[in-house]
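A.B. asks: Please read through the structure below; I'll follow up with questions.
The values are calculated or read from the model by the stated rules, or taken from the named source; none is laboratory data. Computed from a predicted structure; not experimentally measured. Every residue, glycine as well, gets a Cβ built from its backbone with ideal geometry; the counts of neighbours run over all protein chains shown.
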Amino acid sequence: MINLKSTLQYIQSKANNLSQSLAYSVFLMYYAWKNTDTPAWAKQIILGSIAYLLAPIDGIPDLTPFIGFTDDLSILSLSLIAIKFYVHDEVKSKAKEAMRRHFKTVDIKSIEDIEGKL
């Protein structure tokens, strides 16, 4: 038999992990964009992926339960891979600090998953 409370807690934890992965990706992009060593082509990739995230119309509507932000996270992940040489330790440190400021508890696994792809 399905336990409704544990099922809802599981769904909430998955949504929290997704939102933290999305937030950490955005912070990495932001701090890489602010870095003066990041070339113009990489900054254009960053701006394009952030614009996609903020666009009201995209591949999978963001209001779609559970999967609405998966296309956004995919675009951000691919963009991070494209600019990974400019996501150095200083950028990661600033992004982690931003995570600590914006979330009560930071899901370290979400951060490690994103960094593992770089």
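A.B. asks: Which of the following residues is loosely packed, with under 15 Cβ neighbours inside 10 Å, within 21 Å of Leu47 (Cα to Cα) and of a type in the set (Asp, Glu): Glu115, Glu97, Glu90?
C.D. replies: Glu90
A.B. asks: Next question. Name the residue, out of Asn3, Asn35, Asn16, that is surrounded by 13 or more Cβ atoms within 10 Å (Cβ to Cβ) and modelled with pLDDT under 75. I'd like the intermediate steps shown before the answer.
C.D. replies: On the way: Asn3 fails: surrounded by 13 or more Cβ atoms within 10 Å (Cβ to Cβ); Asn35 fails: modelled with pLDDT under 75.
On inspection, the qualifying residue turns out to be Asn16.
Let's see how each residue does on (1) without any contact (Cβ under 8 Å) to a residue 60 or more places away in the chain; (2) β-branched (Val, Ile, Thr):
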{"site": "Ser77", "(1), (2)": "yes, no"}
{"site": "Phe85", "(1), (2)": "yes, no"}
{"site": "Asp89", "(1), (2)": "yes, no"}
{"site": "Arg100", "(1), (2)": "yes, no"}
{"site": "Phe103", "(1), (2)": "no, no"}
{"site": "Ile108", "(1), (2)": "yes, yes"}
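A.B. asks: If you don't mind, another one. Against the definition (among the basic types (Lys, Arg), modelled with pLDDT under 90 and not in a loop (DSSP other than H, G, I, E, B)), how does Lys96 come out, yes or no? Reasoning before the result, please.
C.D. replies: Working: among the basic types (Lys, Arg): yes; modelled with pLDDT under 90: no; not in a loop (DSSP other than H, G, I, E, B): yes.
Against the criterion (among the basic types (Lys, Arg), modelled with pLDDT under 90 and not in a loop (DSSP other than H, G, I, E, B)), Lys96 does not qualify.
A.B. asks: Those residues that are more than 9 Å from the chain's Cα centre (by Cα) and among the small types (Gly, Ala, Ser), I need them from segment 75-85; list them, please. Show your work before the answer.
C.D. replies: We begin by selecting, within segment 75-85, every residue more than 9 Å from the chain's Cα centre (by Cα); these are 75, 78-85.
Within segment 75-85, Ser79, Ala82 qualify.
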